[in-house]
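Here's the structure we're looking at; comments come further down.
The values are calculated or read from the model by the stated rules, or taken from the named source; none is laboratory data. Here the structure is a predicted model, which means the values were calculated and not measured. Glycine also receives a Cβ, built like all others from the backbone with ideal geometry; neighbour counts cover every protein chain displayed. We work out accessible area using only protein heavy atoms, side chains counted, and drop any ligands, DNA or RNA first. Shrake-Rupley method; radii C 1.70, N 1.55, O 1.52, S 1.80 Å.
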Amino acid sequence: SAERAISRADNDWISAIKARDAERLAQPYGPDAIFVTRDGKVISGRTAIVEYYRARFAAGQTIESPHIARTNLAHAGDGLIVERGYAGFESLGADGRRTKVQGPYLTVWRRDASGAWKILRNLVF
């Protein structure tokens, strides 16, 4: 069940990025999740993660060609799963500058009290 839920979340990340939907992007995060961005910025909590994505989209950033390639999914203790892989996209800034962003990620998933898998930690390198 964890693999199906995580695959669904990964696939939804792609469509949510294309739709510029901050709520959907943050939906798999638990309320106490921590997201560490590529530049080391630490964002704590699902609400702050939604605001982070909203701000990026409000700044005029467009994300194109998003992709995820999972390389590993492993149990890491009671109710925890570690997902590793590579993700990327092309970013088009409000200034028209295009940037290719690609690299490894590590996501720790935790089963919540309802049995749903939620992101506890997400690190992008």
Report the trypsin sites (Lys or Arg not before Pro) located in segment 4-95 that are in a DSSP loop and have at most 15 other Cβ atoms inside 10 Å of their Cβ, or state none. ARG38, LYS41
Mean projection of the alpha-carbon convex hull of segment 1-51 over all orientations, in nm²? 3.8 nm²
Calculate how steeply helix 2-19 sits against the longest principal axis of the alpha-carbon atoms of the chain, using the helix alpha-carbon long axis, and give the answer as 0 to 90 degrees to the nearest 10. 10 degrees
Can you give me the angle between helix 46-58 and the longest principal axis of the chain, using Cα atoms only, in degrees from 0 to 90, rounded to the nearest 10? 20 degrees
Hey, if you put +1 on the Cβ of every Lys and Arg and -1 on every Asp and Glu Cβ in segment 24-118, which of GLN27, THR47, SER65 ends up farthest toward the positive end of that dipole? SER65
Overall Cα dimensions of the chain, principal axis frame, Å, largest first: 47, 28, 25
If I ignore ligands, DNA and RNA and count only protein heavy atoms, how much of PHE35 is accessible to a 1.4 Å probe, in Å² to the nearest 10? 10 Å²
